[in-house]
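Trainee: Can you read through this structure? Questions will come right after.
The values are calculated or read from the model by the stated rules, or taken from the named source; none is laboratory data. What you are looking at is a predicted structure, and each value in this text was computed from that prediction instead of being measured. Cβ placement follows ideal geometry from the backbone for every residue including glycine, while neighbour counts extend to all protein chains displayed.
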Amino acid sequence: MTGTERPARGLGEETGMITRRTLGIAGMAAFAARAARAQEGVPRAVTLIVPFSAGSVVDIMARPFAEALRASLGGGASVVVLNRDGGGGAVGAAATAAAKPDGATLYFGPSGMVTTLPFLVRGLPYAWGALEPVCQTFENIFVVAVPASSPFRALPDLVAAARARPDALSWGDAGPGTVGNLVALELSRRNGLRMTHVPYRNSPQMILDTQSGALAFSMSTFATVRGTDLRVLAVVADERQPALPEVPTLKELGQPVEWRGFGGIMAPRGVPTALLQRLEGACLEAVRSAGYREMAARTGQIAPPLGAAAFGTRLEEEYRSAASFLREIGLAP
């Protein structure tokens, strides 16, 4: 062996060097990922606030979305769902609006908490503009549903009975400002009806009360009544739904109600632009994920992604429509 030669390395020594080299590369990659995250300001832990109780339709949608968002954010981020129900959704929206605008707290829920509740709830601790759009994550189809034992076989039967007996019939929905609530209010206005409103904090109890006959009808999402024995009299949609081909739309029945259910991710006002764009991209990727879309199909929801600008335009249009309608019926100043 010459002075310049070195002994052949054993397998263990070679493996050790490869392992150290691999670990070094992995460590550098992890450091780069952390540095990128720090630069973007993406928090390591994200909380999705759902303004309704566990088991509600929105909650069922939020959980697979949280998993998809975790994957799209990457970098080891965690995403958890926190149910902050109460006040017809106002509690959850208020908690989000009051959070630090650092991307760690996001709202996952329907639009009405920001577009209509500010007109309906006195002393609301937030106003229009307190939350800013990140991306639309869902649309849902609302239906007019009655008990299986109900004498009402069609919507005109229900309208006629309510007109003949003012204040005798009651309906349930998820609370003031929700799409179901607005649809019922507009049906009442169009037809000169007086009915009793019963708001609910959770959908399962509303369905049970509808089934028992405690409510004449409920304004529910199709996902809520799917699989129950409730009779659906009408769908709130532009066209008949494939899952309910025999059920007419309100428009077909001479009730052209324009309210539609939709919602998504919103953040506290003031999130830095670069971070908001990062969240928007991750949100859109999550909506397009196979797991989230499978959930949407299974529960009868629709998952059309809209970016922050388009989602914001839709929210603003609903806000203006709500202002006009609620003032017209005397519920807003």
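Trainee: Output the residue which, of all residues in region 317-333 that are assigned to a helix (DSSP H, G or I), of a type outside the set (Lys, Arg) and free of Cβ contacts under 8 Å to residues at least 60 places away in the same chain, is nearest to PHE262 (Cα to Cα).
Mentor: Checked region 317-333; the qualifying residue nearest to PHE262 (Cα to Cα) is GLU317.
Trainee: Working only within region 243-257, note down all residues that are in contact (Cβ under 8 Å) with a residue 40 or more places away in the chain, under 24 Å from the mean Cα position of the chain (by Cα) and more than 12 Å from LEU187 (Cβ to Cβ).
Mentor: Hits for region 243-257 are ALA243, LEU244.
Trainee: For region 141-162, how many residues are within 15 Å of VAL257 (Cβ to Cβ), buried (at least 24 other Cβ atoms within 10 Å of the Cβ) and touching a strand residue (DSSP E or B) at 6+ places or on another chain (Cβ under 6 Å)?
Mentor: So the answer is 3.
Trainee: Determine which single condition PRO333 fails, assuming it passes every other condition in (1) under 26 Å from GLY41 (Cα atoms); (2) surrounded by fewer than 20 Cβ atoms within 10 Å (Cβ to Cβ); (3) in contact with a helix residue (DSSP H, G or I) (Cβ under 9 Å, 6 or more places away or on another chain); (4) not aromatic (Phe, Trp, Tyr).
Mentor: Answer for PRO333: the failing condition is (1).
Trainee: Checking ALA148 against (1) in a strand (DSSP E or B); (2) out of contact with any Ser or Thr (no Cβ under 7 Å at 6 or more places or on another chain), only one condition comes out false. Which one?
Mentor: That leaves (1) as the condition not met.
Trainee: Does GLY123 qualify as being out of contact with any Phe, Trp or Tyr (no Cβ under 9 Å at 6 or more places or on another chain), surrounded by fewer than 24 Cβ atoms within 10 Å (Cβ to Cβ) and in contact (Cβ under 8 Å) with a residue 12 or more places away in the chain?
Mentor: no
Trainee: Moving on. Which one of the conditions (1) modelled with pLDDT under 95; (2) within 19 Å of LEU276 (Cα to Cα); (3) of a type outside the set (Gly, Ala, Ser); (4) part of a helix (DSSP H, G or I) does ARG70 fail to meet, given that it meets all the rest?
Mentor: Just one mismatch for ARG70, condition (1).
Trainee: Tell me whether region 314-321 contains one or more residues that are surrounded by 13 or more Cβ atoms within 10 Å (Cβ to Cβ), modelled with pLDDT under 95 and within 30 Å of LEU120 (Cβ to Cβ).
Mentor: There is no residue in region 314-321 that is surrounded by 13 or more Cβ atoms within 10 Å (Cβ to Cβ), modelled with pLDDT under 95 and within 30 Å of LEU120 (Cβ to Cβ).
Trainee: Here's something else I'd like to know. Restricting to region 171-222, and then to whatever is basic (Lys, Arg) and not in a helix (DSSP H, G or I), can you tell me which residue is surrounded by the most Cβ atoms within 10 Å (Cβ to Cβ)?
Mentor: It comes out as ARG201.
Trainee: Does at least one position in region 164-173 carry a residue that is modelled with pLDDT under 95, within 26 Å of SER53 (Cβ to Cβ) and among the aromatic types (Phe, Trp, Tyr)?
Mentor: no
Trainee: For region 243-281, how many residues meet the condition of being among the polar types (S, T, N, Q), surrounded by fewer than 18 Cβ atoms within 10 Å (Cβ to Cβ) and assigned to a loop (DSSP other than H, G, I, E, B)?
Mentor: 0
Trainee: Okay, moving on. Restricted to region 282-304, and to residues that are in contact (Cβ under 8 Å) with a residue 40 or more places away in the chain and over 16 Å from ALA66 (Cβ atoms), which residue is surrounded by the most Cβ atoms within 10 Å (Cβ to Cβ)?
Mentor: Only one residue fits best here, namely GLY300.
Trainee: For PRO133, which of the numbered conditions (1) buried (at least 22 other Cβ atoms within 10 Å of the Cβ); (2) touching a Phe, Trp or Tyr at 6+ places or on another chain (Cβ under 8 Å); (3) closer than 27 Å to ALA243 by Cα fails to hold?
Mentor: (3)
Trainee: Quick check: is even one residue across region 124-145 assigned to a helix (DSSP H, G or I), farther than 26 Å from ARG70 by Cα and either more than 15 Å from the chain's Cα centre (by Cα) or in the same structural domain as LEU306 (by TED's automatic domain parsing) (or both)?
Mentor: No.
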